[in-house]
Every structure is written in structure tokens, then in C-alpha cells.
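Reviewing the structure listed below.
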Amino acid sequence: MDYLWLKAAHVVAVLIFTGGLFTQAIGVAAGARGGTETVDLVSRWDQRVTLPAMLAVWLTGATVASVGGLFSNHWLWMKLVFVFGLSGLHGVQSGRLRRLRAGEQIVLARGPFAASGAIAFVLAIVALLAVTKPF
Amino acid sequence: MAASITASEDLMAIRRLRLASFVEASTLLVLLMIAAPLKHVLGYAIATRIMGPVHGAAFIAYAWCVTAAVSGGGNWTRRELVRLVLAGFVPFGGFANARLLRRKQAAAAAPAGAR
């Protein structure tokens, strides 16, 4: 029962964090086009909700893996690599939002939806690994 | 106005990075110098079972702080970035960051014209 509650808490944190990641990506894209209001709103959401959710993802995820004895599974380590990448992307986008708030211009090299597309792709891999546990 | 708000945010990001760097380096030392010998010499596996996840969390926090600080401007050179990344993987690396981060913090705290 405790394990299921922990797992549910992890899923809640993941859903909020991933929603925040997409919001960040769109916020950066809007900021690159001059949307200062959007940057401000997204930054506030990021600091108050997405960042704490990311911390909760790691905390609950590590606890679930520890309680469930999952650290010996290869799929988990592969999943961790991708989640680590998503956390890194969150850090990069937080920095970009800070620069946009400072009035700097940012040019997105790969178009406004590239980051969102990459997030969706990585999330699909993470979900497949977590659900099918292939190896 | 926006510039001054962001200057204080830059300062906060570097302060956070300094703390994360110190905690990451300290937990790695405790893991290697205390927990690992306790496990392998005296058989207390609980030491690494506790310190492993603690250091893991500290490492992730450090990595996030590095990406957020460097992506937010502040004139970080590629060499400084490589140094910060490498410091996360070697014992005492986080302590070796101290001087660089103190310098960066002083630069961020200086008035815009003095930078």
C-alpha cells in the first residue's frame, strides 16, 4: 500500500514537472519572439511549481526505486539517463528565461517547437521504459 | 529595472551553485572516505545505502545549478564550463571550484558598469 502511494506521488510529480517543461519551452519560444508578458508568467510558474515538482520527481523516484528494489534493473538506469537529460534541459531553459527577463535577445537555432518536440520524444521513451520494463 | 532584477537573480544562481558545489564535494568525500570503507572493511552496508542516494541527490542538484547558472548568461567561458562539469566527477573537485565561483559571485555583485 505504501509503495502504491509513493508511486502515485511520483506520477503526480512527473505529470506536473513535464507539463512545466512544455510550458517553459513555449515560454522561451514566445520570449524569442518578444512576448515579455508570457516570459514573466512562465518564469513565475517555473519557480513556484515546476522546479519544486522536479525536486519531488527525483525524491519520490529514488524512494520508489529503493523501496521497490529496482536499482538492479537496466531499464531504470537507462530511464535515469533520460530523466537526467530532461532535468538538464529544465536548467538550460530556466537560464534562458532569466536572460529573456533581462531584456536579452535569444535566437532559437532550431525553430520554436524543437525543444517541445525533443521533450515529447524523450518522454515517450521514458514512459515505454517505465511501463514495459524491457530489460 | 529588468537588468537589476536579473543581476540579483544571477547572483542568487551563483550563490546556489556555490552551495551545491560544496555539498556535492562533501557528500562525495563522505561516501568515498567513510561510507565505502565502513561497507568494505567493517561490513556496514547501510552506510553506502544511505550516502549513495544522498550523494546522488547532491550531484543532480549540482548539475542542475551548473546548467541554470551557465545558461543564464554571466559570461561563462567554455573552459570554466568544462571545469565545472569535471569538478562534479572527481573528489575535491567541488572544493576546487570555490575560487572560481567566488570570483564569479563578486563579478555578479559588482555594479553593471564595473563588470
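Numerical summary
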{"read-out": "Residue among A:H10, A:V107, A:Q93 farthest towards the positive dipole end of chain A, charges placed on Cβ", "value": "A:V107"}
{"read-out": "Relative exposure of A:L80, B:L32, A:L55, judged by other C-beta atoms within 10 Å (fewest first)", "value": "B:L32, A:L55, A:L80"}
{"read-out": "More than 25 angstrom apart: percent of Cα pairs within chain B", "value": "31 percent"}
{"read-out": "Once the Cα gyration tensor of the protein assembly as shown is diagonalised, semi-axes √(5λ) in Å", "value": "32, 26, 14"}
{"read-out": "Cut-off 17 Å (backbone N to label point 7 Å along Cα→Cβ of A:S72), residues of segment B:17-55", "value": "B:45-46, B:49"}
{"read-out": "Degrees, to the nearest 10: B:78-87 long Cα axis against longest axis of chain B", "value": "20 degrees"}
{"read-out": "Pairs of alpha carbons in segment B:53-115 whose separation is greater than 18 Å (percent)", "value": "37 percent"}
{"read-out": "Gain upon complete extension [A:A124, A:R33; 0.36 nm per residue less C-alpha separation]", "value": "29.9 nm"}
{"read-out": "Helical segments meeting 30 Å axial Cα length and Kyte-Doolittle 1.0 threshold in chain A (DSSP H)", "value": "A:2-32"}
{"read-out": "Global form of segment A:44-128, assessed from the alpha-carbon gyration tensor, a/c cut-off 1.5", "value": "oblate"}
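All of the numbers you see were taken from the coordinates with simple rules; none came from a lab. Everything quoted here is computed from the prediction, not taken from an experiment. Using ideal geometry, Cβ is built from the backbone for each residue, glycine included, and neighbour counts are taken over all protein chains shown.
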